[in-house]
Amino acid sequence: MKPQAIGPVMIDIDGLSLTAADREKIAHPNTGALILFARNFDHPAQVEALIADIRKARSGDILIAVDQEGGRVQRFQNGFTRLPAAAKYADKPELAEAAGWLMAAELLAIDVDFSFAPVLDVDRGVSEIIGNRSFSGDPTLAAQLAGAFRTGMRAAGMAATGKHFPGHGAVALDSHLTLPIDDRDLTSIRGEDLVPFKALIEQGLEAVMPAHVVYPRIDRLPAGFSGVWLQDILRGELGFNGAIFSDDLSMNGAAGIGDYSDRARLALEAGCDMVLVCNNSAAAEQVLDDLPVRERRAGEARLQAMRGQPKFTREQLQQLPKWQQISKQLQELYESPA
């Protein structure tokens, strides 16, 4: 029997272990990835066993992802190095690359393929949902620090995902709760928010996640549903040839597009290779069943490039003097005053 291809939908699960319903969804031909949250994590051995179980539930490849940026967005904590918020690397720029390596190495050691990082948003001082998740309010410095972080991730064997294209840092509203609107023109966005994306794309960035934000002077649709943003600007103008992941279609920033199947279809038509449907199992089932099952060769090739390439087991990693030193430095930076 031919192994299943990586499908276009990323799903999640509710608990610390798989249910029969979870296994059924994982085996669906449209499933391609699973994202883990803090609710799925108790300790490293538990989540490593869970990941092995997830992989066994599918007769083909499945990508395993998590949000492990650091600061207030770090899903796995107990038994993992506490990572500082991205903004702290401005004071310790020499640690940015080391942090990317350590974050990636710790996840790869338990068979997670990738973390949705780094954040490439430029902090304009108005967005609470971004804030110190951004490396800097200076576009050039943000690009330098995020680029170093990505270099570290690659050295460990992990592909990077830049988010939230073309930039979420200039809007106050949280796209988890509502649909933010950014009224700037494209010239302004090019000169500020696109700077880190352009720099990392030139370095070979493997994936991008667009924002659930509307930029009405460029297109009436949120960026993640917009062919203007994803095809004309991201792929055309910036020359990006990696994978595009939608942000979570359950977020209120996506609600105006239609029901979940409409959101998934429009995101894929606009240029996303994979859509995320999280925190709503009924919606995930609807999307899996409603999307046509078909070959997506170009998209699957881009998604295959997101597979992790671990170099160490967890025990081997923790015996490395490099890991011990960096872990201690990052823990100290995490605990230092903001």
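Straight-line reach from residue 92: taking Cα to Cα under 16 Å and skipping same-chain neighbours fewer than 8 places apart, the aspartates and glutamates in range are 138, 332, 335.
When all alpha carbon pairs of the range 25-69 are counted in 5 Å bins from zero, the resulting P(r) reads 5, 21, 31, 24, 14, 4, 0 %. Calculated on C-alpha atoms, the gyration radius of the range 228-289 divided by its Kirkwood radius gives an Rg/Rh of 1.01. When a 1.4 Å probe is rolled over the protein heavy atoms, the share of accessible surface on the range 88-184 that falls to carbon and sulfur comes to 52 percent. Legend: distances between Cα atoms for 56/328; 25/88; 2/198; 2/25; pairs beyond 30 Å are 56/328; 25/88; 2/198. Taking only the C-alpha atoms of the range 1-80, Rg followed by Dmax gives 12.9, 44 Å.
Remark on the range 35-96: hydrodynamic radius 13.3 angstrom, per the Kirkwood mean of 1/r across alpha carbon pairs.
Projected label points at residue 185 and residue 334, each 7 Å from Cα along the beta carbon direction, are separated by 4.5 nanometres. Each Cα pair under 8 Å and six or more residues apart adds its sequence gap; the mean of these over the residue count of the chain is a relative contact order of 19 percent. Using only alpha carbons, the range 151-238 has a radius of gyration to Kirkwood radius ratio (Rg to Rh) of 0.98. The equivalent ellipsoid of the range 124-193 has semi-axes of 24, 14, 11 Å, largest first, where each one is the square root of 5 times an eigenvalue of the Cα gyration tensor.
Mind checking Rg over Rh on the chain, alpha carbons, Kirkwood formula for Rh?
Numbers: Rg = 18.7 Å, Rh = 19.9 Å.
Expressed as Rg/Rh, it is 0.94.
For the range 267-332, the convex hull drawn through the C-alpha positions has a volume of 181 cubic angstrom per residue. Computed 3J(HN,Hα) for the range 117-123, one whole-Hz value per residue from the Karplus formula 6.51 cos²θ - 1.76 cosθ + 1.60 where θ = phi - 60°, is 7, x, 6, 9, 5, 8, 6, glycine and proline marked x. Counting only DSSP beta bridges with both residues in the chain, the antiparallel share comes to about 10 percent. Applying the Kirkwood pairwise sum to the alpha-carbon positions of the range 195-338 produces a hydrodynamic radius of 17.7 angstrom.
I need the fraction of alpha carbon pairs in the range 113-260 separated by more than 29 Å, rounded to a whole percent.
Working: 881 of 10878 pairs.
Beyond 29 Å sits 8 percent of the P(r) for the range 113-260.
D by Stokes-Einstein for the range 113-154, Kirkwood Rh over Cα pairs, 10 °C, 1.306 mPa s: 150 µm²/s. Along its three principal directions, the equivalent ellipsoid of the range 21-141 from the Cα gyration tensor extends over semi-axes of 30, 16, 12 Å, largest first.
The values are calculated or read from the model by the stated rules, or taken from the named source; none is laboratory data. Here the structure is a predicted model, which is why all the values come from computation and not from measurement. Note: ideal-geometry Cβ built from the backbone for every residue, glycine included; neighbour counts use all protein chains shown. The accessibility values were calculated without ligands, DNA or RNA, using every heavy atom of the protein model including side chains. Shrake-Rupley method; radii C 1.70, N 1.55, O 1.52, S 1.80 Å.
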